[in-house]
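Following: one structure in structure tokens, then a few remarks.
The values are calculated or read from the model by the stated rules, or taken from the named source; none is laboratory data. The shown structure was predicted, so the numbers you read here are calculated from the model rather than taken from an experiment. Note that we place each Cβ from the backbone using ideal geometry, even for glycine, and neighbour counts take in every protein chain shown.
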Amino acid sequence: MKVIGLISGTSMDGITAALVDISGEDELKVDLLQYKTKPYPDELKNLLMNLTEGGNVESLCRANFKVGEQFAKAAQEIIESSGRNPKLIGSHGQTVCHLPPADDREETFTLQIGEPDVVAERTGIKTVADFRVRDIAAGGGGAPLIPYVDFKLFQSDCTHRASINLGGIANVTYLPAGGTLDDVIAFDTGPANMILDQLVRDLTGGEKEFDRGGNMASRGMVRDDLLSWLMDHPFIEKPPPKTTGRKHFGKKFSQRVLQKGRELELKDRDLLATVTAFSAESLIYNMDKHLGPIDELIIAGGGTKNDALVGELTDRTDQPIKTTGNFGIPAEAKEALGFAILAYETHHGRPSNVPGATGARKLVQLGKISPAGGEKSEN
């Protein structure tokens, strides 16, 4: 069955679409046929960034439909370029709010926009979306969801693996050798690119969106005083299951980091080098504290292109580091491929959350279904 997976992560760089051929039940056969990333128009990206820090209901409604149109275009473009006729779309949408439990709030709230009915209507393809909400309704945190995919793709009978995504937020899935889905441990560990990207925007007056290749950070020195201050963030010590987002590590926190750097009279490159080290240190610290033996790390996400970040990870672990590319899945395509798999499971009536990762009370089917529409009929 050919399925398109669509996602835009917390960095809001754009939409990644992956066309995937999936078959099987207990053991899935997954073949990535094609993928591409479609950047957001500047106006829409600015609207989305503003929504994460505030906004109003009208702006939210407007963004929901505009993002839906962009997701539909991303799907249409990969259909046209591939010449294939997928039967299903799995759309993660764009997260604009994710609030896990906190000291002043027991409930979890989440919102992903990108109207799936627009995607289904424009493409004429059945669309599964809004994956996080059912897990939350079952008592979970709604994240992370990719651990199910990690288990299907990377579980080994003889190798203890940690699958890591370096997006806006860093998360890890622990796959003990010979383990079952019940043995999987997964959680967010802290920021990966989120603070870095915001700092680069602030330091360059918006001329740059991110530290390409980690070039700016690689010229700097890590300051232990700032790194210690960052590691004191309460989320780092919180035990799993745990999930985070812009509420903890968004623009407001980045401004605090910038102010702290100014107080310490850090050069810009030293500030970026230290925040890069924080992303790596918080990840390795959480892995050492909460996971069992690890034989190899498998990394994916936009952070794999940041040589400074990968270098910091390498310096902090003795385990070999591979990318998902070593397993035939380009690092930037992995999460989009993942939501194709989650949609495939929902289409077949199978649950795909991991209660051990999200804290849910039980296994549940994820997502809501928008029937095929438009000029096409469902294949």
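Among the residues of the stretch 165-178, is any hydroxyl-bearing (Ser, Thr, Tyr) and touching a Lys or Arg at 6+ places or on another chain (Cβ under 9 Å)?
yes
To keep it simple, each residue is scored yes or no on (1) under 23 Å from Ile369 (Cβ atoms); (2) crowded, with 22+ Cβ neighbours inside 10 Å; (3) touching a helix residue (DSSP H, G or I) at 6+ places or on another chain (Cβ under 7 Å); (4) among the basic types (Lys, Arg).
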residue: Arg132; (1), (2), (3), (4): yes, yes, no, yes
residue: Ala137; (1), (2), (3), (4): yes, no, no, no
residue: Ala143; (1), (2), (3), (4): yes, yes, yes, no
residue: Thr159; (1), (2), (3), (4): no, no, no, no
residue: Leu166; (1), (2), (3), (4): no, yes, yes, no
residue: Thr180; (1), (2), (3), (4): no, no, no, no
residue: Ile185; (1), (2), (3), (4): no, no, yes, no
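Would the stretch 121-133 turn up any residue that is outside the structural domain of Ser282 (by TED's automatic domain parsing) and among the small types (Gly, Ala, Ser)?
yes
Being closer than 15 Å to Leu230 by Cα and of a type outside the set (Ser, Thr, Tyr) is true for just one of Val310, Val257. Which residue is that?
Answer to the selection: Val257.
When you scan the stretch 296-309, do you find a residue that is surrounded by fewer than 19 Cβ atoms within 10 Å (Cβ to Cβ), modelled with pLDDT of 95 or more and either not in a helix (DSSP H, G or I) or not assigned by TED's automatic domain parsing to the domain that holds Asn171 (or both), even just one?
yes
Return the residue satisfying two criteria in turn: it lies in the stretch 215-256 and is among the acidic types (Asp, Glu) and without any contact (Cβ under 8 Å) to a residue 12 or more places away in the chain, and of such residues it is farthest from Gly54 (Cα to Cα). So that I can check it myself, show each step before the final result.
Here is the first cut: in the stretch 215-256, the ones among the acidic types (Asp, Glu) are 224-225, 232, 237.
Within this subset, residues satisfying the condition of being without any contact (Cβ under 8 Å) to a residue 12 or more places away in the chain are 224, 232, 237.
Numbers: Asp224: 33, Asp232: 27, Glu237: 28 Å.
Filtering first and then ranking leaves Asp224.
Can you name every residue in the stretch 243-295 that is crowded, with 18+ Cβ neighbours inside 10 Å, among the aliphatic types (A, V, I, L, M) and not in a helix (DSSP H, G or I)?
Hits for the stretch 243-295 are Leu266, Leu291, Ile294.
If Asn46 satisfies all but one of (1) within 26 Å of Thr244 (Cα to Cα); (2) in contact with a strand residue (DSSP E or B) (Cβ under 6 Å, 6 or more places away or on another chain), what's the number of the condition it fails?
(2)
Which members of the stretch 87-119 meet the condition of being buried (at least 24 other Cβ atoms within 10 Å of the Cβ) and more than 27 Å from Met49 (Cβ to Cβ)?
Correct list: Leu88 only.
When the stretch 56-71 is examined, which residues are found to be within 17 Å of Thr95 (Cβ to Cβ) and either in contact (Cβ under 8 Å) with a residue 40 or more places away in the chain or in contact with a His (Cβ under 7 Å, 6 or more places away or on another chain) (or both)?
If the condition is that a residue be within 17 Å of Thr95 (Cβ to Cβ) and either in contact (Cβ under 8 Å) with a residue 40 or more places away in the chain or in contact with a His (Cβ under 7 Å, 6 or more places away or on another chain) (or both), then Leu60, Ala63, Asn64, Phe65, Val67, Gly68, Gln70, Phe71 are the ones that fit.
Right, Ile321: under 18 Å from the mean Cα position of the chain (by Cα) and of a type outside the set (Lys, Arg) or not?
On the way: under 18 Å from the mean Cα position of the chain (by Cα): no; of a type outside the set (Lys, Arg): yes.
Answer is no for this residue.
Lys334 - would you say it is more than 21 Å from Thr244 (Cα to Cα), touching a residue at least 24 places away in the same chain (Cβ under 8 Å) and among the basic types (Lys, Arg)? I'd like the intermediate steps shown before the answer.
Numbers: more than 21 Å from Thr244 (Cα to Cα): no; touching a residue at least 24 places away in the same chain (Cβ under 8 Å): yes; among the basic types (Lys, Arg): yes.
Here the answer is no, as Lys334 does not meet what is asked.
Looking only at residues in the stretch 257-305 that are in contact (Cβ under 8 Å) with a residue 12 or more places away in the chain and of a type in the set (Lys, Arg), which one is nearest to Met221 (Cα to Cα)?
Checking each candidate, the answer is Arg269.
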